[in-house]
Amino acid sequence: MHDRLSGNDEVIQHPMCDLTPTAIPHPMEYPGRNGFSRRTMNNSKINFARFALMLIFAVRIASAAEDFDASHARYDAVLKQTVKNARVDYAALKAHPEELNGYLDELAKVPAAAFKKWPEADRLACLINLYNAATLQLILEHYPLRSIRSIGTLPGAAWREVRVRFGGQILSLDHLENKIIRVEYREPRIHFALVCAALGCPPLRSEAYVGARLGRQLDDQARQFLGESAKNHFEAATSTLFLSPIFQWYDEDFTKSAGSVAAYVKPYLPKAQSEAMAASRQVTVRFTKYDWALNDSASR
């Protein structure tokens, strides 16, 4: 979940089916018994076939959109079974990945045109779930491992791998986060919800995000993350605000929303720290160390 990556956008566009009939040579025209030329009759048949194909395609798109469960119940069940206290039981999930894979297969079938018609909260919740579920699947393919950064030979390879199927495209995790979620939704709290499988990340919830509760879920994520004293805390004696490097990597997102990172996090800090910070004339911001170790329940 890091914008430290650079380079070309990682995305593959699936070619749409070309429904335009291939031009074929026609025999010499002559009037038929009904007064139409053979060319006219052939064109009518081709146009009808073309219309039928388009109609079938449209019906399939509508069906795929209607069949998708916006409560993300399948993914929710996976999280409830394998995530405890923000740690993932990767061994159990690797032994039975069917439900996780099935959920991602369902997401891949949602057409882009139908997705755009969903309410904004539903779309954002879906994309957060997609990012986190795709990350879990990526880890399973390489498990056991010590860190997501162990994947690949080049730095950031895990985030650059083109593997996330959605909306008729295949994307990288980096593209999904930095070119779609951050750009189209401009919601700083997503940084408390996107989890890159590291202990330094915000906690992975043991439930799926859903549009109807997304605001409350994101606020709760912010409070949980800012409440982890090893990653974030305010030291009143020195008026120093210690924050996760996430606030350094994505400083722009937070300052655009609140004017400064310090102003953004203050409402989410534990009450005593927030009040002490409000009483300070000047606050110095420093960043804590990011822990890249895998958020694996087996490593406790």
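The values are calculated or read from the model by the stated rules, or taken from the named source; none is laboratory data. Worth saying up front: this structure is predicted, and the values here are computed from it rather than measured. Here the Cβ positions follow ideal geometry from the backbone for every residue, glycine too, while neighbour counts run over all protein chains shown.
What to note about this one:
- When the stretch 233-275 is filtered for residues that are out of contact with any Lys or Arg (no Cβ under 9 Å at 6 or more places or on another chain), in a helix (DSSP H, G or I) and among the hydroxyl-bearing types (Ser, Thr, Tyr), the ones remaining, listed by number, are THR255, TYR264.
- Within the stretch 168-198, being crowded, with 18+ Cβ neighbours inside 10 Å and free of Cβ contacts under 8 Å to residues at least 40 places away in the same chain holds for ARG189, PHE192.
- Of the residues making up the stretch 110-150, those that are more than 23 Å from ARG213 (Cα to Cα), touching a strand residue (DSSP E or B) at 6+ places or on another chain (Cβ under 9 Å) and not in a helix (DSSP H, G or I) are TYR143, PRO144, LEU145, ARG146, SER147.
- Taking each residue of the stretch 76-98 that is at pLDDT 95 or above and looking for partners that are assigned to a strand (DSSP E or B) with beta-carbon atoms closer than 6 Å, six or more apart or interchain, yields THR82/VAL88; TYR90/ASP296.
- Pairing each residue of the stretch 276-292 that is assigned to a helix (DSSP H, G or I) with any residue that is surrounded by 15 or more Cβ atoms within 10 Å (Cβ to Cβ), provided the two are 6+ apart or on different chains, yields C-beta distances under 7 Å for ALA276/PHE234; MET277/PHE234; MET277/LEU241; MET277/LYS266; MET277/LEU269; MET277/VAL283; ALA278/LYS266.
- Filtered by the rule that a residue be closer than 10 Å to THR288 by Cα and of a type in the set (A, V, I, L, M), the stretch 226-240 gives a lone residue, ALA230.
- Matching residues in the stretch 199-232 - criterion: being in contact (Cβ under 8 Å) with a residue 12 or more places away in the chain, of a type outside the set (S, T, N, Q), surrounded by fewer than 18 Cβ atoms within 10 Å (Cβ to Cβ) and outside any loop (DSSP other than H, G, I, E, B): ALA212, GLY215, ASP219, ARG223
- Filter result (of a type in the set (D, E, K, R) and under 27 Å from ASN85 (Cα atoms)) within the stretch 243-285: LYS266, LYS271
- Those residues of the stretch 237-259 which are surrounded by 14 or more Cβ atoms within 10 Å (Cβ to Cβ) and more than 25 Å from ASP174 (Cβ to Cβ), in sequence order: SER239, THR240, LEU241, PHE242, ALA258
- Set ALA113, ALA157, ALA134: member being modelled with pLDDT of 95 or more and farther than 30 Å from SER297 by Cβ: ALA113
- Residues within the stretch 247-296 that are more than 13 Å from LEU226 (Cβ to Cβ) and within 23 Å of the chain's Cα centre (by Cα), tallied: 16
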